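Below is one structure, written out as structure tokens; comments come after it.
The numbers here are math on the coordinates, done by the rules we state, and not lab data. None of the values given here were measured: they were computed from a predicted structure. Heads up, the Cβs are rebuilt from the backbone with ideal geometry, glycines too, and the neighbour counts pull from every protein chain shown.
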Amino acid sequence: VYDAVMTMATAMADAKSAEPAKYLPFLAKVKYQGVTGPIAFDANGDIKDGSLTLFTFRGGKKTKIEVVK
């Protein structure tokens, strides 16, 4: 969530506006080095090189299930 907020804030700062019509074009161009890794978007507005790590708890321990890219 932190990286998502910071990415939006970067776009708003670049656009000098919190109005979606003004900052959305800047959001498409954002390249932000986040806590979870680099954040950038492709021509379709999808996150580049995104991944999602799925975890579960077994026997009281956090266990990684899968990394989806």
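Can you tell me the mean projection area, over all orientations, of the convex hull of the chain's alpha carbons? Units nm², please.
5.6
Compute the signed sum of charges (Lys and Arg +1, Asp and Glu -1) over the other residues within less than 12 Å, Cβ to Cβ, of Tyr23.
Net charge in that neighbourhood comes out at +1.
How high is the relative contact order of the chain? Use alpha-carbon pairs under 8 Å, at least six apart in sequence, and give a whole percent.
The value is 19 percent.
Here is the link list: Lys31/Lys61; Lys29/Lys62; Lys16/Lys48. Which ones come out longer than 32 Å on Cα distance?
Lys31/Lys61; Lys29/Lys62
Through the Karplus equation 6.51 cos²θ - 1.76 cosθ + 1.60, θ set to phi - 60°, convert the phi angles of region 60-66 into ³J(HN,Hα) values in whole Hz; use x for Gly and Pro.
Ordered by residue, 3J(HN,Hα) equals x, 10, 6, 10, 6, 8, 6 Hz.
Amide H to amide H, which residues 5 or more places from Ile39 or on other chains are under 5 Å from it, using H placed in the peptide plane?
Tyr32, Gln33, Gly34
For region 10-21, take each phi angle, set θ = phi - 60°, evaluate the Karplus expression 6.51 cos²θ - 1.76 cosθ + 1.60, and give the result in whole Hz per residue in order, putting x for glycine and proline.
Each residue of region 10-21 in turn: 4, 5, 5, 5, 4, 7, 6, 7, 9, 7, x, 4 Hz.
Per DSSP helix of 4 or more residues, -39500 (n - 2.57); summed, then divided by the residues of the chain. What does that give at 222 nm, rounded to the nearest 500?
The helix contribution divided over the chain gives -9500 deg cm²/dmol.
Which order do the peptides 39-49, 7-17 come out in when sorted by mean C-beta neighbours inside 10 angstrom, highest first?
Ranked from most to least packed, the peptides come out as 7-17, 39-49.
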